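Below is one structure; the comments refer to it alone.
The values are calculated or read from the model by the stated rules, or taken from the named source; none is laboratory data. All values reported here derive from a predicted model rather than from experimental measurement. Neighbour counts are summed over all protein chains in view; Cβ atoms, including those assigned to glycine, are modelled from backbone coordinates with ideal geometry. Only protein heavy atoms, including side chains, enter the accessible area calculation; ligands, DNA and RNA are left aside. Shrake-Rupley method; radii C 1.70, N 1.55, O 1.52, S 1.80 Å.
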Amino acid sequence: LNERWIVTGNGGACTQQVLAAVYNRYGNLVYKNDNYSNNWDGTYNGKPVADGTYYYVIKYVLLNETAIILKGDVTILR
């Protein structure tokens, strides 16, 4: 049903850049994008990641150069 990871929230329309990184439970980077545009589909190297919990760090850079960092988790179920 949810085939893309949609990032919304604190950034809103006032962002000039959204940086996103996703890590597996071992701390290995499985996704990174310095200009995220809601396009992560739960894959790593072109293959679906295993079901489980992944951890993200999102950095919103606002138009006034202020940075907002959010951390949390996203669960992949197929």
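Which value, in debye to the nearest 20, describes the size of the charge dipole of the stretch 19-77 about its Cα centre when Lys and Arg Cβ atoms bear +1, Asp and Glu Cβ atoms bear -1, and nothing else is charged?
Result for the stretch 19-77 is approximately 140 debye, rounded to the nearest 20.
Give the long-range amide H neighbours of Tyr31: residues separated by 5 or more places, or on another chain, with amide H under 5 Å away, using H modelled in the peptide plane at 1.01 Å from N.
Counting only residues 5 or more places away or on other chains, the set is Val22.
Using the Karplus equation 6.51 cos²θ - 1.76 cosθ + 1.60 (θ = phi - 60°), what ³J(HN,Hα) coupling, rounded to whole Hz, does each residue of the stretch 27-32 give in order, writing x for Gly and Pro?
Here the 3J(HN,Hα) series is x, 7, 5, 10, 7, 8 Hz.
What's the carbon and sulfur percent of the stretch 25-69's accessible surface, probe 1.4 angstrom, rounded to a whole number?
Heavy-atom surface of the stretch 25-69 belonging to carbon and sulfur, 1.4 Å probe: 48 percent.
Under the rule of at least 5 residues apart or a separate chain, name every residue whose amide H is placed under 5 Å from the amide H of Tyr44.
Val49
How about Lys59: which aspartates and glutamates have a C-alpha closer than 17 Å to its C-alpha, ignoring those fewer than 8 places off in the same chain?
Asp34, Asp73
Amide H neighbours of Val7 under 5 Å, counting only residues 5+ apart in sequence or on other chains, H built in-plane at 1.01 Å?
Distant-sequence amide H within range of Val7: Asn38.
Please work out which option in (i) 23, 12, 11; (ii) 29, 16, 11; (iii) 29, 19, 5 gives semi-axes √(5λ) of the Cα gyration tensor in Å calculated from these coordinates, and answer with its label.
(i)
Mind checking the per residue accessible area of the chain for me, 1.4 Å probe, whole number of Å²?
69
So how much slack lies between Asp41 and Ile68, counting 0.36 nm per residue of separation and subtracting their Cα-Cα distance, in nm?
Using 0.36 nm per residue and subtracting the Cα-Cα distance, I get 7.4 nm.
Label points 7 Å out from Cα along the Cβ direction at Glu3 and Thr53: separation in nm?
Output for this residue pair reads 2.8 nm.
Tell me which aspartates and glutamates have Cα within less than 13 Å of Lys71's Cα, excluding those fewer than 8 residues away on the same chain?
Once the sequence-local aspartates and glutamates are set aside, nothing remains near Lys71.
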